[in-house]
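K.L.:
So that we are looking at the same thing, I have put the structure below in structure tokens.
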Amino acid sequence: MTDIFNYTQSEEVFSAAQKLMPGGVSSPVRAFKSVGGKPVVFDRVKGPFAWDIDGNRYIDYIGSWGPAICGHAHPEVTTALQEAIEKGTSFGAPCVLENKLAEMVIDAVPSVEMVRFVNSGTEACMAVLRLMRAFTGRDKVIKFDGCYHGHADMFLVKAGSGVATLGLPDSPGVPRSTTANTLTAPYNDLEAVKKLFSENPDAISGVILEPIVGNAGFITPEPGFLEGLRELTTENGSLLVFDEVMTGFRISYGGAQEKFGVTPDLTTLGKVIGGGLPVGAYGGKKEIMSMVAPSGPVYQAGTLSGNPLAMTAGIKTLELLKQEGTYEKLDAITSKLIEGIILSAENNGVVINGGNVSAMFGFFLCEGPVRNFSEAKTNNAELFGKLHREMLQRGIYLAPSPYEAGFTSLAHSEEEIDKTIEAFDQSFNSIKNY
Ligand code: KE4
């Protein structure tokens, strides 16, 4: 299929960007490396849409990688920000808005009795690991192949997201000594976790995981997996940590832990709670969180943490999400979308498996089910790249990697979903003989 869009200005700006910033981007996955072609340069976003600087409009299923769950530039969020900015952009001092967002997070998320705000999911995961180690007095941590907990050294071991997208053997610059205490197991494999505990008695501070994986593609926990981890960590005096940076307030208002009824000891959050501004958070039992400075000895700090603008965007976003019917609507449109994607692939003879949980979805171009990262890597990444390009040219903006998840928003209507399914049908038809 020939390009139906004109990408002239995107190409100019992106080629200049590549001289200024590594890969021309501020985050690797945006460079479209694994899907080929050049990324489009955004000009503006609104609702379910994004426009590039050549004026092409896309139905956006990335939503800034999760934050835009109410739709881009929601009028109530932008109005609240316009009012807040009149009072300044950052205080570096206590502010009542932090209390407000903290209360909302504590009220919503079952495991959180006390919370600390930071500026990104990476910061939240870094801090939570330090806290786990301090509370238990143990150094080792278990993570799962393909899960991504930000780019802190200790987690760049068999990580997902951009690390997997670029096929990096983790990352140079990370000393062996730093990752020596990071143990890994296949997702959904309780036996492998049991084995790690028996091989490392009284040495494992805890287990951290994405309760629904969105960084190795979309992988859901098998029945009993989360419950099994809860039992195993408790039995071994270790902590269970849910990294809900992606799933928090997206899977349900209380996150995956509310949806699945498994309460961890600590939780990390990000994306949605900042409403598009930089916010991360970690929280959990008061007994554990009280160890964080200055109430305790575990040091963690941040110049812009809890700033009034970011707090304002987060507060307004959660207020919108708390409204009646939010998650029923998100689940309905996302289920319709993924069912349409799968049907259009099958109608064109393309092998696919996928699903959704509320407003998070994904699919792999391979036989299913995909239960872990190794099985995810059997997907036909080359065909995915062709599909991605075909869809982009039909005005549908998908994550530029098979190792990411897709996101819908309250702004995606039946019309956008129907148009998207039609574009998938045309694109699968176009690539089926590839
Ligand atoms: P940030 O530092 O990017 O705010 O959060 C890191 C992080 C931690 N935990 C989970 C479960 C995450 O999904 C993330 C970040 N997600 C990626 C998307 N897969 C961010 C996009 C990017 O890296 O550009």
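K.L.:
Using the structure shown, list the pairs from 38/143; 19/87; 33/271 with a Cα-Cα distance above 31 Å, or answer none.
P.N.:
In this structure, 38/143; 19/87 exceed 31 Å between Cα atoms.
K.L.:
Considering the dipole of region 1-60 built from charges on the beta carbon (Lys and Arg +1, Asp and Glu -1) around the Cα centre, which of 56, 16, 34 is farthest to its positive end?
P.N.:
So the residue furthest toward the plus end is 34.
K.L.:
I've got another one for you. Pop a pseudo-label 7 angstrom from the Cα along the beta-carbon direction at both residue 6 and residue 433 and give the gap in nm to one decimal.
P.N.:
That separation, rounded to one decimal, is 3.2 nm.
K.L.:
Another question about this same structure. Please give the solvent-accessible surface of residue 230 in Å², to the nearest 10, using a probe radius of 1.4 Å with every protein chain present.
P.N.:
50 Å²
K.L.:
Keeping all protein chains in place, calculate the accessible area per residue for the chain (probe 1.4 angstrom), answer in Å². Walk me through the intermediate numbers first.
P.N.:
Numbers: 17590 Å² over 434 residues.
About 41 Å² of surface per residue is accessible.
K.L.:
Quick check on the chain: of the DSSP beta bridges with both residues there, what percent are antiparallel, nearest 5%?
P.N.:
For the chain, the DSSP antiparallel bridge percentage is about 55.
K.L.:
Build a GNM of the chain with springs between Cα atoms under 10 Å: which of 90, 111, 15 gets the top mean-square fluctuation?
P.N.:
Comparing 90, 111, 15 in a Gaussian network model of the chain, the most mobile one is 15.
K.L.:
Let me ask you something else. Note down the magnitude of the dipole of the chain about its Cα centre, charges +1 on Lys and Arg C-beta and -1 on Asp and Glu C-beta and zero elsewhere, to the nearest 20 debye.
P.N.:
940 debye
K.L.:
Can you give the net charge of the other residues whose Cβ lies under 10 Å from the Cβ of residue 281, counting K and R as +1 and D and E as -1?
P.N.:
Every neighbour counted, the sum reads -1.
K.L.:
Just to be sure I understand: of the beta bridges DSSP finds with both ends in region 151-299, what percent are antiparallel, rounded to 5?
P.N.:
That works out to approximately 35 percent antiparallel.
K.L.:
Taking the Cα centre as origin and putting +1 on Lys and Arg beta-carbons and -1 on Asp and Glu beta-carbons, what dipole magnitude results for region 75-321, to the nearest 20 debye?
P.N.:
That gives region 75-321 a dipole magnitude of about 420 debye.
K.L.:
³J(HN,Hα) across region 136-144 via Karplus (A = 6.51, B = -1.76, C = 1.60, θ = phi - 60°), whole Hz, x for Gly/Pro?
P.N.:
Per residue, the Karplus-derived 3J(HN,Hα) values read 8, x, 10, 9, 7, 9, 9, 10, 10 Hz.
K.L.:
Could you work out how far helix 8-20 tilts from the main Cα principal axis of the chain, as a 0 to 90 degree angle to the nearest 10?
P.N.:
In the chain, helix 8-20 runs at an angle near 40 degrees to the longest axis.
K.L.:
Answer with one residue from 73, 105, 266: the one whose Cα lies farthest towards the positive end of the charge dipole of the chain, charges on Cβ with Lys, Arg +1 and Asp, Glu -1.
P.N.:
266
K.L.:
Here's something else I'd like to know. Taking all protein chains together and a probe of 1.4 Å, list 61, 299 from the most accessible to the least accessible.
P.N.:
Values: 61 0, 299 155 Å².
Accessible-area ranking of 61, 299, largest first: 299, 61.
K.L.:
Another one. Angle check, please: helix 96-108 long axis (alpha carbons) against the longest principal axis of the chain (alpha carbons), in degrees 0 to 90, nearest 10.
P.N.:
90 degrees
K.L.:
What list of ³J(HN,Hα) couplings, whole Hz, do you get for region 63-77 from phi and the Karplus terms 6.51, -1.76, 1.60, once you set θ to phi - 60° and write x for glycine and proline?
P.N.:
Along region 63-77, the couplings run x, 6, 6, x, x, 7, 5, 8, x, 5, 6, 4, x, 5, 6 Hz.
K.L.:
Could you calculate the FRET efficiency of residue 332 with residue 191 from 1/(1 + (r/R0)^6), where r is the beta carbon distance between them and R0 is 30 Å, rounded to 0.05?
P.N.:
0.25
K.L.:
Top to bottom by accessible area (1.4 Å), largest first, where do 434, 7, 148 land? All intermediate terms of the calculation are to be shown ahead of the outcome.
P.N.:
Working: 434 135, 7 15, 148 60 Å².
Putting 434, 7, 148 in descending order of accessible area: 434, 148, 7.
K.L.:
Evaluate the relative contact order of the chain (contact order divided by residue number), counting alpha-carbon pairs under 8 angstrom at least 6 apart; express in whole percent.
P.N.:
Relative contact order here is 23 percent.
K.L.:
³J(HN,Hα) across region 50-55 via Karplus (A = 6.51, B = -1.76, C = 1.60, θ = phi - 60°), whole Hz, x for Gly/Pro?
P.N.:
Along region 50-55, the couplings run 9, 10, 8, 6, 8, x Hz.
K.L.:
Below 8 Å, C-alpha to C-alpha, sequence gap of six or more: please give me the relative contact order for region 1-60 in percent.
P.N.:
Relative contact order here is 29 percent.
K.L.:
What is the dipole size for region 1-60, taken about its Cα centre, with +1 at each Lys and Arg Cβ and -1 at each Asp and Glu Cβ, in debye to the nearest 20?
P.N.:
220 debye
K.L.:
With every protein chain present, what accessible area does residue 220 have (1.4 Å probe, heavy atoms only), rounded to the nearest 10 Å²?
P.N.:
Roughly 60 Å² of residue 220 is accessible to a 1.4 Å probe.
K.L.:
Explain nothing, just the number: relative contact order of region 315-406, from Cα pairs under 8 Å at least 6 residues apart, as a whole percent.
P.N.:
Relative contact order of region 315-406: 20 percent.
K.L.:
When the accessible area of the chain is computed with all protein chains present and a 1.4 Å probe, what percentage of it is carbon and sulfur?
P.N.:
Taking all protein chains in place, the chain shows 52 percent carbon and sulfur surface.
K.L.:
Taking amide hydrogens as modeled 1.01 Å from N in the peptide plane, which residues meet the under 5 Å criterion relative to residue 43, leaving out close sequence neighbours?
P.N.:
Hits under the 5 Å cutoff: 51, 52, 53.
K.L.:
Next up: Quick one: order 295, 34 from most to least accessible surface, probe 1.4 Å.
P.N.:
I get 295, 34, largest accessible area first.
K.L.:
Moving to a separate point now. Which one, 417, 124, 366, is farthest towards the positive end of the dipole of the chain when Lys and Arg carry +1 and Asp and Glu -1 on their Cβ?
P.N.:
124
K.L.:
Using a cut-off of under 13 Å, list every residue of region 196-224 whose amide N is near the label point 7 Å from the Cα of residue 170 along the Cα-to-beta-carbon line.
P.N.:
none
The values are calculated or read from the model by the stated rules, or taken from the named source; none is laboratory data. Predicted model, so just to flag it, every value in this text is computed and none were measured. Note that we place each Cβ from the backbone using ideal geometry, even for glycine, and neighbour counts take in every protein chain shown. These accessible areas exclude ligands, DNA and RNA; they are computed on the full protein's heavy atoms, side chains included. Shrake-Rupley method; radii C 1.70, N 1.55, O 1.52, S 1.80 Å.
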